[in-house]
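To start, the structure under review is shown below, and the notes come after it.
Every read-out reported here was derived from the displayed coordinates using simple, explicitly stated rules and does not represent laboratory data. Here the structure is a predicted model, which is why all the values come from computation and not from measurement. Positions of Cβ are generated from backbone atoms using ideal geometry, with glycine treated the same way; all protein chains shown enter the neighbour counts.
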Amino acid sequence: MEIKILGTGCPKCKRLERTAHQAAEEAGVEATFVKVTDINEIMNYPIASTPGLVVDGEVKASGRLPSIQEIVGWLQAAR
């Protein structure tokens with residue numbers, strides 16, 4: 001599973017990255033984490049604002065910090 005964190009490095013982006021790592025552990029999934037900080041690459045995704053969370057190519061959240069439980073649900077559904 002590939003999890004991408006879209007953001008330029010703001011505090012919310014860093015928090016989302018930590019939360020996503022915790023959620024993957026809690027869900028018991030093995031994931032590759034990719035930080036996308038290049039604004040041109042971020043613009044390839046249909047998000048209006050950062051941070052963004054992409055699981056296996058599908059945007060799950062943008063412009064907000066989803067809860068660990070939300071992310072766990074998305075990861076378990078994507079298995």
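Summing Lys and Arg as +1 and Asp and Glu as -1 over all other residues whose Cβ lies under 11 Å from the Cβ of Trp74 gives a net charge of -1. Computed over neighbours whose Cβ is under 13 Å from that of Pro11, the net charge equals +3, Lys and Arg +1, Asp and Glu -1.
With both labels modelled 7 Å from their Cα along Cα-to-Cβ, the Thr37 to His21 distance reads 1.5 nm. Relative protection proxy for 22-34, 63-75, from highest mean packing down: 63-75, 22-34 (other beta-carbon atoms within 10 angstrom). Applied to segment 25-33, the Karplus parametrisation 6.51 cos²θ - 1.76 cosθ + 1.60 on θ = phi - 60° returns per-residue 3J(HN,Hα) values of 4, 5, 7, x, 10, 8, 9, 9, 9 Hz, with x for Gly and Pro. For segment 2-77, a simple Cβ point-charge model (Lys and Arg +1, Asp and Glu -1, everything else neutral) yields a dipole of about 380 debye relative to the Cα centre. Our summary gives the chain a relative contact order of 40 percent, counting only alpha carbon pairs under 8 angstrom and 6 or more residues apart. Axis of helix 68-77 versus longest Cα principal axis of the chain: the two differ by about 70°, to the nearest ten degrees. The local environment of Leu65, defined by Cβ-Cβ distances under 14 Å, has a net charge of +4 under the rule Lys, Arg +1 and Asp, Glu -1.
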